[in-house]
Amino acid sequence: MLFRSKFSWKEWTTIAVDLAALALLAVKITSLDKKPQAPDYGKAPDFRFQDRNGAFLKTADLVGKFWVADFIFTRCAGSCPILGEQMRRLQKEWKGNPKLDLVTFTVDPEYDTRAVLKDYAADLGADPKQWFFLTGAKKDLLKAAEEGFRLTAIENPGAAPGALFIHSTKLVLVGPDGTILDYYDGTDDVAVGKLRAELRRLL
């Protein structure tokens, strides 16, 4: 005896289309459940530079904390005062919080001696226990910026003192294990607002 389906070919077609639509919907729902993968920026570089008070700070000293880094030079007539103000605001909001440090590197160590950095930090009200201003050999500082943090930091020969270096305006957020978590444009209040929101979430 031949088997006869109780459905017509039109009905089978409709069922097949409906099943395909359900399968497609399931795939879409599954894809929505998957969080986008965070970019891999790698680790912050190993460094050992001298702070304004004479002590040396190493990458290892920051393990276990979140920290925000920036690169400036004290004679900078452009973005550096803005970066300094953004860092000052971060310190104000999280002053004394043992989970957060701020680290400012100079790209002009031949001028930015410890004494110069100490005065510069004092003008910003920087807490020496939470906000570090680091100097060292120029080649090591520029290497840390460009190869370690992947930020622009180059000399600009022949320029006026306030423009002797071309450097990134990014603030770098680093995690407790030394992983670079993200970059934020320190001259953009919207971007810095995102950094502050992320710090509130993390801290």
Any residue in region 134-143 that is farther than 16 Å from ASP46 by Cβ, surrounded by 17 or more Cβ atoms within 10 Å (Cβ to Cβ) and in contact (Cβ under 8 Å) with a residue 60 or more places away in the chain?
yes
Going through region 96-123 one residue at a time, which ones are touching a Phe, Trp or Tyr at 6+ places or on another chain (Cβ under 9 Å), without any contact (Cβ under 8 Å) to a residue 60 or more places away in the chain and surrounded by fewer than 16 Cβ atoms within 10 Å (Cβ to Cβ)?
TYR111
(1) under 19 Å from PHE56 (Cβ atoms); (2) open to solvent by less than 50 Å² (accessible area, probe 1.4 Å) all hold for TYR184 apart from (1)
Out of GLY186, GLY96, GLY162, GLY175, I need the residue that is of a type in the set (Gly, Ala, Ser) and more than 22 Å from the chain's Cα centre (by Cα). Which one?
GLY162
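Could you say which residue among LEU134, LEU90 is under 16 Å from LEU195 (Cβ atoms) and of a type outside the set (Phe, Trp, Tyr)?
None of the other options fit; the residue is LEU90.
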So, ASP108, is that one part of a loop (DSSP other than H, G, I, E, B), under 17 Å from CYS76 (Cβ atoms) and of a type in the set (Asp, Glu) or not?
yes
Given the structure, is THR135 in contact with a Lys or Arg (Cβ under 8 Å, 6 or more places away or on another chain) and modelled with pLDDT of 95 or more?
yes
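Residues are listed down the side, and each one gets a yes or a no for (1) modelled with pLDDT of 95 or more; (2) touching an Asp or Glu at 6+ places or on another chain (Cβ under 7 Å); (3) part of a strand (DSSP E or B):
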site	(1), (2), (3)
LEU57	yes, yes, yes
VAL68	yes, no, yes
PHE71	yes, no, yes
GLY78	no, no, no
ARG88	yes, no, no
PRO98	yes, no, no
LEU102	yes, no, yes
Could you tell me whether any residue of region 77-86 is closer than 19 Å to TYR184 by Cβ and more than 18 Å from the chain's Cα centre (by Cα)?
yes
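The values are calculated or read from the model by the stated rules, or taken from the named source; none is laboratory data. Keep in mind the model is a prediction, meaning the values are calculated, not measured. Cβ sites come from the backbone with ideal geometry, for glycine too, and all protein chains shown count toward neighbours. All accessible areas refer to the heavy atoms of the entire protein, side chains included, with ligands and DNA or RNA removed. Shrake-Rupley method; radii C 1.70, N 1.55, O 1.52, S 1.80 Å.
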